[in-house]
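This report refers to the structure that appears directly beneath it.
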Amino acid sequence: MRLRRKRRIVRSMRKSRDLSALQDNTKNIRKGDILLVSTMRNEQVRLPYFLRYYRNLGVNHFLFVDNGSEDGTSEYLSGMADVSVWRTTASYKRATFGVDWMNHLKRRYAHGHWVLVVDPDELFVYPFCDTRPLRALTDWLDDASIRSFSAMLLDVYPKGAINAEPYEPGQDPLEIAHWFDSGNYSVKRNPTYGNLWIQGGVRSRVFFPDQPKKAPALNKIPLVKWDRRYAYVSSTHMLLPRGLNQVYDSGGGEKASGVLLHTKFLDTFAAKANEEQTRGQHYAHSVEYQAYVRELERQPQLWCKWSERYINWRQLEILGLMSKGNWA
């Protein structure tokens, strides 16, 4: 495992040559700042709300990799003092689906910082997030000597056709997509890395009903007190050293955890799915996006009679999808 981790770090250093700094404001990063790292492509429509949401939570600086956007993403971010942007047109797939680029940025700029790694369509929800800033969570994790914090990816979707209501820049996506599957999840332990592997939910139910094992993984570890010796292995599903993946309690208790509300299913989804299927830059020859495009031709209804309407984090805890653990 130590050798795998070293290889990941060396790979990230090599892939750093793909990146060109468009806006380097990293001199503004102060000791103790909470950072956010994300790789994106053509997500400008989401950025106004995304930035507002995470600034309100308490993120101090954003480190973005723009992978060849053609929608004005980099231009929109220009001039923001709390944003640094690197651009590349290199292969997302050959950079381990962006992981190598982000490992490099965290190794160079995030050592000793709490770092949140999320996609532009993911909204981080944690215990007491309605009354306590993100720093309250990271301070508690520091006091408890906890280095990593997990969050299950929870797909939210609209009732009715996915493209029925247009999404406007700056709009809270939960105004449109606020339903989710409260059950039908499977959990197993990854024997190699020690993390939990979660599948199910609406994407398994609608897009992979006959092949549930091919449904996307929903387990993530998006919040880490970063050290330059660390490395993500696959998205934010698992890390090295392997101990960072021990985010659950194997003794029958509960460790604190959160949820990433996944707002993929807006009216922009069909165009995005077609683009990514054509590009072929995603895992397993983009089989996930092939399933999306194939099913979208039937104009599926994601909502069903068992769907739950999202209210708040306490609802998710009651349903067993996240936990406040012993953080009171």
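The values are calculated or read from the model by the stated rules, or taken from the named source; none is laboratory data. Worth saying up front: this structure is predicted, and the values here are computed from it rather than measured. Cβ: placed from backbone, ideal geometry, glycine included. Neighbour counts: every protein chain shown.
Summary of values
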{"read-out": "Top-ranked residue of the stretch 274-284 - restricted to ones that are under 18 Å from V99 (Cβ atoms) and surrounded by fewer than 15 Cβ atoms within 10 Å (Cβ to Cβ), ranked as modelled with the highest pLDDT", "value": "G280"}
{"read-out": "Residue in the stretch 220-228 that is over 20 Å from the mean Cα position of the chain (by Cα) and either assigned to a loop (DSSP other than H, G, I, E, B) or closer than 19 Å to D119 by Cα (or both) present", "value": "yes"}
{"read-out": "Checklist (1) of a type in the set (V, I, T); (2) under 27 Å from E254 (Cα atoms); (3) in contact (Cβ under 8 Å) with a residue 24 or more places away in the chain applied to T131, failing item", "value": "(3)"}
{"read-out": "Within the stretch 105-120, tally of residues that are in a loop (DSSP other than H, G, I, E, B) and surrounded by 19 or more Cβ atoms within 10 Å (Cβ to Cβ)", "value": "5"}
{"read-out": "Some residue of the stretch 260-273 being at pLDDT 80 or above, more than 22 Å from E122 (Cα to Cα) and part of a loop (DSSP other than H, G, I, E, B)", "value": "no"}
{"read-out": "Conditions (1) out of contact with any helix residue (DSSP H, G or I) (no Cβ under 8 Å at 6 or more places or on another chain); (2) surrounded by fewer than 17 Cβ atoms within 10 Å (Cβ to Cβ); (3) in a loop (DSSP other than H, G, I, E, B); (4) modelled with pLDDT of 85 or more; number of the one not met by L321", "value": "(2)"}
{"read-out": "Matching residues in the stretch 181-237 - criterion: being farther than 30 Å from R2 by Cβ and surrounded by fewer than 16 Cβ atoms within 10 Å (Cβ to Cβ)", "value": "G183, N184, S186, P209, D210, Q211, P212, K213, K214"}
{"read-out": "So P216, is it part of a loop (DSSP other than H, G, I, E, B) and without any contact (Cβ under 8 Å) to a residue 40 or more places away in the chain", "value": "no"}
{"read-out": "Candidates S84, S69, S12 - the one that is touching a strand residue (DSSP E or B) at 6+ places or on another chain (Cβ under 6 Å), of a type outside the set (D, E, K, R) and touching a residue at least 12 places away in the same chain (Cβ under 8 Å)", "value": "S84"}
{"read-out": "Of the criteria (1) of a type in the set (G, A, S); (2) out of contact with any Phe, Trp or Tyr (no Cβ under 9 Å at 6 or more places or on another chain); (3) at pLDDT 90 or above, which one S257 fails", "value": "(2)"}
{"read-out": "Strands (runs of 3 or more DSSP E) completely within the stretch 121-199 that count 2 or more residues being closer than 24 Å to W327 by Cα", "value": "122-125, 148-155"}
